[in-house]
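The values are calculated or read from the model by the stated rules, or taken from the named source; none is laboratory data. Because the structure is a prediction, the values reported are computed rather than measured. Cβ sites come from the backbone with ideal geometry, for glycine too, and all protein chains shown count toward neighbours.
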Amino acid sequence: MSGTDWKKLFDAAEAARQRAHAPYSKFHVGAAILCDDGSTVSGCNVENASYGLTVCAERNAVGAMVLGARRPAAVAIVVDSREPTPPCGMCRQVLAEFGDSSLEVRSRTPAGKEARWTLGELLPHAFTQKFF
Ligand code: THU
């Protein structure tokens, strides 16, 4: 979205990252979503001793978003990695439930290395409700 305050959004993602529960992978992820009403929601990854129950930061942020505005205008992700990471396939599909292909997704490392995509680049030919 034009006019997105990316610094504010990345700050929210970083604050969320610091709350990650990732004792198994030790890969701490934070995500923040700017909603179309101007509000910001965030999420961190929450792992479990039963590994498959892990929920990614992005999907936890989407869960928070659904309580309010429901429509994402921009997504920021922060990872404690050398390279910025894109959202996983499952999170891309969940984002596509609410956002359109022009949704901007940016990922940063704490050192400030950044990558940028649109949701359409990350998940071309998304399966959505329009097919049924
Ligand atoms: N993870 C996320 O939170 N988001 C992604 O898009 C990729 C993976 C988390 C899940 C798990 O807690 C850890 O990163 C390692 O896979």
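Within segment 6-34, the set of residues being surrounded by fewer than 14 Cβ atoms within 10 Å (Cβ to Cβ) and not aromatic (F, W, Y) comprises K7, K8, Q18, H21, P23, S25, K26. Out of segment 73-116, which residues are of a type outside the set (D, E, K, R), farther than 16 Å from C56 by Cβ and surrounded by fewer than 19 Cβ atoms within 10 Å (Cβ to Cβ)? Within segment 73-116, S101, S102, T109, P110, A111, G112, A115 meet the criteria. Considering segment 62-132, the qualifying strands (runs of 3 or more DSSP E), each wholly inside and each with 3 or more residues that are closer than 20 Å to T40 by Cα and among the charged types (D, E, K, R), run over 104-108.
Are any residues in segment 29-51 in a strand (DSSP E or B), hydrophobic (A, V, I, L, M, F, W, C) and out of contact with any Lys or Arg (no Cβ under 8 Å at 6 or more places or on another chain), and if so, which ones? A31, A32, I33, L34, V41, V46, listed by residue number. From the list A76, A57, the one residue that fits, being closer than 14 Å to E14 by Cα, touching a Cys at 6+ places or on another chain (Cβ under 6 Å) and within 15 Å of the ligand (Cβ to nearest atom), is A57.
Can you tell me which residue within segment 60-70, out of those that are modelled with pLDDT of 95 or more and either under 16 Å from E121 (Cβ atoms) or out of contact with any Leu (no Cβ under 9 Å at 6 or more places or on another chain) (or both), is surrounded by the most Cβ atoms within 10 Å (Cβ to Cβ)?
First pass over segment 60-70, keeping only residues modelled with pLDDT of 95 or more: 60-67.
Of the ones still in play, those that are also either under 16 Å from E121 (Cβ atoms) or out of contact with any Leu (no Cβ under 9 Å at 6 or more places or on another chain) (or both) are 60-61, 63-67.
Details: N60: 22, A61: 29, G63: 13, A64: 18, M65: 25, V66: 12, L67: 8.
My answer is A61.
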